[in-house]
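Visitor: Let me give you the structure first, and then I'll get to my questions.
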Amino acid sequence: MTRFDPLHESLTFTSLKDTVVVLTGGASGIGAATVRLLHSHGARVVFGDLDETAAKSVVNSTSSTDVHFLKTDVRSYSENLALFKLAFEKYGRVNHAIANAGLVERPGWFDPRVTLDALDKEPDLTVLDVNLKGVLYFAHIACTYLAHGNESERKDKSLTLLSSIAGWKESPGLFVYQASKHGVLGLMRSLRLYAPEVYPGVRVNAICPSFTDTRMIAGVKDGVVSAGLPVQTPDDVARCIVGVSVAGPGSKAVWYDEKEASGVHQRKTSGGADWEDTKRRGLNGRALHVLGGVCHDIDEGLDRTQELWLGQEMSKIVEAGQKGLGDGTGWVKGQ
Ligand SMILES: NC(=O)c1ccc[n+]([C@@H]2O[C@H](COP(=O)([O-])OP(=O)(O)OC[C@H]3O[C@@H](n4cnc5c(N)ncnc54)[C@H](O)[C@@H]3O)[C@@H](O)[C@H]2O)c1
């Protein structure tokens with residue numbers, strides 16, 4: 001079982017001073033808490049959101065000249081680009097990028113009341129567009145801005161993507177939301193070996209919050225609370241996001257806790273991701289589940305236990321196949 005401690009002493013939050021962070025969905029909930037936390041550590045924040053009124057109150061609450069809002073619809077490529085352009089025009093660099101904006105399930109999908117005639121009406125894909133298309137656009141632009149000018153400087157840069165517990169655990173009723181959040185984890189997995197090689201200094205991680213007290217869970221909060229389950233605050237998740245952003249080379253904030261899952265610590269490395277590489281590369285390729293403010297890595301556990309659930313023989317074949325993929329550029333060669 002692998003834990004990440006966002007308050008670990010090896011995390012130097014002072015390194016955030018004067019860094020430039022671009023973030024989406026900063027007007028409310030987890031995003032607003034992240035903007036405030038970043039600002040409290042001296043970061044300069046440029047954030048986008050659709051909700052101008054709420055965004056302005058976040059900017060006012062920081063009473064800062066270093067927190068900027070630009071009205072942004074993450075479904076638009078050019079509006080994502082404008083956000084990064086604004087940060088670059090103001091400060092000449094981007095140190096960290098956080099794709100946080102998201103939308104919960106909308107009605108209309110898999111409704112048993114829908115009749116054959118009603119199927120003529122195409123169901124709504126806004127949730128997919130915000131949660132996955134928006135994150136793809138953001139990540140694509142972010143990688144280039146983060147790496148820009150970093151060939152020689154090799155400053156620690158990070159891209160953090162908001163997935164969800166719905167990114168890995170079945171979530172009945174969250175059809176499009178769950179598909180989109182699996183997509184976000186998939187994007188992180190496809191980037192985690194690739195990005196640090198081709199974009200100097202860039203680490204990529206995903207955060208998978210469980211129930212967090214924002215308007216997103218308004219419809220189910222009472223049920224969760226009455227079942228005695230923990231509901232964390234947006235600040236809990238913000239701490240994890242910001243902790244990951246500063247967990248650069250040398251960070252010791254992630255460790256394997258043998259006590260809680262003895263017997264499964266079988267492999268040093270697996271799957272192609274070098275999990276022991278935190279010293280050189282910093283925290284990279286993690287999918288961190290956050291519940292009650294406590295962060296557990298999902299992906300390293302999957303890798304470490306691969307032989308338990310896939311068997312040794314099949315695991316070897318899979319590993320050989322992964323190696324055969326090389327740096328991943330082969331897929332688009334010749335197109
Ligand atoms: N709250 C939870 O329990 C929970 C659990 C798992 C994952 N998450 C994820 O955390 C992230 C933040 O969610 P939250 O809980 O703070 O919800 P929230 O609704 O409080 O915040 C989401 C923000 O995204 C913005 N947004 C929505 N559509 C947008 C668009 N098209 N363009 C720009 N901005 C847009 C909203 O205006 C809002 O400010 C989301 O990606 C969400 O899926 C939340």
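Visitor: Can you name the strands (runs of 3 or more DSSP E) wholly within the range 209-311 that have at least 1 residues being open to solvent by less than 60 Å² (accessible area, probe 1.4 Å) and at pLDDT below 90? Don't jump to the end; show me each part of the working.
Guide: On the way: elements: 254-256, 287-291, 294-297.
Where strands (runs of 3 or more DSSP E) fall fully within the range 209-311 and carry at least 1 residues being open to solvent by less than 60 Å² (accessible area, probe 1.4 Å) and at pLDDT below 90, they are 254-256.
Residue by residue, here is whether (1) without any contact (Cβ under 8 Å) to a residue 40 or more places away in the chain; (2) closer than 20 Å to Leu16 by Cα; (3) within 11 Å of the ligand (Cβ to nearest atom); (4) out of contact with any Asp or Glu (no Cβ under 8 Å at 6 or more places or on another chain) holds:
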residue	(1), (2), (3), (4)
His68	yes, yes, no, yes
Arg75	no, no, yes, no
Phe88	no, yes, no, yes
Thr115	yes, no, no, yes
Asp120	yes, no, no, yes
Val127	no, no, yes, no
Lys133	no, no, yes, yes
Ile141	no, no, no, yes
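Visitor: For the range 223-234, which positions are more than 28 Å from Cys143 (Cβ to Cβ) and within 14 Å of the ligand (Cβ to nearest atom)?
Guide: Gly223, Val224, Val225, Leu229, Pro230, Val231, Gln232, Thr233
Visitor: Follow-up. Given Ser158, Ser180, which one is away from the ligand (no atom under 12 Å from the Cβ), touching a Leu at 6+ places or on another chain (Cβ under 9 Å) and of a type in the set (Ser, Thr, Tyr)?
Guide: Ser158
Visitor: Determine which single condition Ala166 fails, assuming it passes every other condition in (1) open to solvent by less than 20 Å² (accessible area, probe 1.4 Å); (2) within 24 Å of Leu38 (Cα to Cα); (3) not basic (Lys, Arg).
Guide: (2)
Visitor: Exactly one of (1) within 20 Å of Asp235 (Cα to Cα); (2) out of contact with any Asp or Glu (no Cβ under 7 Å at 6 or more places or on another chain) is unmet by Pro107. Its number?
Guide: Unmet condition: (1).
Visitor: Determine whether the range 127-146 contains at least one residue that is outside any helix (DSSP H, G or I) and open to solvent by 80 Å² or more (accessible area, probe 1.4 Å).
Guide: no
Visitor: Filter the range 312-328 down to residues that are among the polar types (S, T, N, Q), touching a residue at least 40 places away in the same chain (Cβ under 8 Å) and open to solvent by less than 80 Å² (accessible area, probe 1.4 Å), then give me how many there are. Step through it out loud before you land on a result.
Guide: Filtering the range 312-328 down to residues among the polar types (S, T, N, Q) leaves 312, 315, 322.
From what is left, the residues that are touching a residue at least 40 places away in the same chain (Cβ under 8 Å) are 322.
Next, only the ones that are open to solvent by less than 80 Å² (accessible area, probe 1.4 Å) stay: none.
Residues that pass the stated criteria total 0.
Visitor: Quick one: in the range 38-58, of everything that is within 13 Å of the ligand (Cβ to nearest atom) and either within 14 Å of Pro234 (Cβ to Cβ) or touching a Phe, Trp or Tyr at 6+ places or on another chain (Cβ under 8 Å) (or both), which residue is most open to solvent (accessible area, probe 1.4 Å)? Full working, then the answer.
Guide: First pass over the range 38-58, keeping only residues within 13 Å of the ligand (Cβ to nearest atom): 47-58.
Subsequent filtering for residues that are either within 14 Å of Pro234 (Cβ to Cβ) or touching a Phe, Trp or Tyr at 6+ places or on another chain (Cβ under 8 Å) (or both) retains 47-49, 52, 54-56, 58.
Details: Phe47: 0, Gly48: 1, Asp49: 23, Glu52: 77, Ala54: 26, Ala55: 0, Lys56: 108, Val58: 2 Å².
Going through the qualifying residues, I end up with Lys56.
Visitor: Could you identify the single residue in Thr24, Thr34 that is within 14 Å of Ser245 (Cβ to Cβ), surrounded by 24 or more Cβ atoms within 10 Å (Cβ to Cβ) and among the hydroxyl-bearing types (Ser, Thr, Tyr)?
Guide: Thr34
Visitor: Anything in the range 124-159 that is under 30 Å from Trp109 (Cβ atoms) and of a type in the set (A, V, I, L, M, F, W, C)? List them, or say none.
Guide: Result: Leu125, Val127, Leu128, Val130, Leu132, Val135, Leu136, Phe138, Ala139, Ile141, Ala142, Leu159.
Visitor: Are any residues in the range 88-143 of a type in the set (Ser, Thr, Tyr) and under 24 Å from Val204 (Cα atoms), and if so, which ones? Give the derivation first.
Guide: Going residue by residue through the range 88-143, those that are of a type in the set (Ser, Thr, Tyr) are 91, 115, 126, 137.
Tyr91, Tyr137, listed by residue number.
Visitor: Sticking with this one: I'm told Gly42 meets every condition in (1) out of contact with any helix residue (DSSP H, G or I) (no Cβ under 7 Å at 6 or more places or on another chain); (2) under 28 Å from Trp255 (Cβ atoms) except one. Can you identify the failing condition by its number?
Guide: (1)
Visitor: What number of residues in the range 88-103 are open to solvent by 40 Å² or more (accessible area, probe 1.4 Å) and closer than 14 Å to Leu128 by Cα?
Guide: Residues meeting the conditions: 1.
Visitor: Of everything in the range 192-218, what is more than 9 Å from the ligand (Cβ to nearest atom) and touching a residue at least 60 places away in the same chain (Cβ under 8 Å)? Give them in sequence order.
Guide: Those that are more than 9 Å from the ligand (Cβ to nearest atom) and touching a residue at least 60 places away in the same chain (Cβ under 8 Å): Arg192, Leu193, Tyr194, Pro196, Glu197, Val198, Arg203, Val204, Asn205, Ala206.
The values are calculated or read from the model by the stated rules, or taken from the named source; none is laboratory data. Note that the structure is a prediction, hence the values are computed from the model and not measured. Glycine also receives a Cβ, built like all others from the backbone with ideal geometry; neighbour counts cover every protein chain displayed. SASA here: full protein model, heavy atoms, side chains in, ligands and nucleic acids out. Shrake-Rupley method; radii C 1.70, N 1.55, O 1.52, S 1.80 Å.
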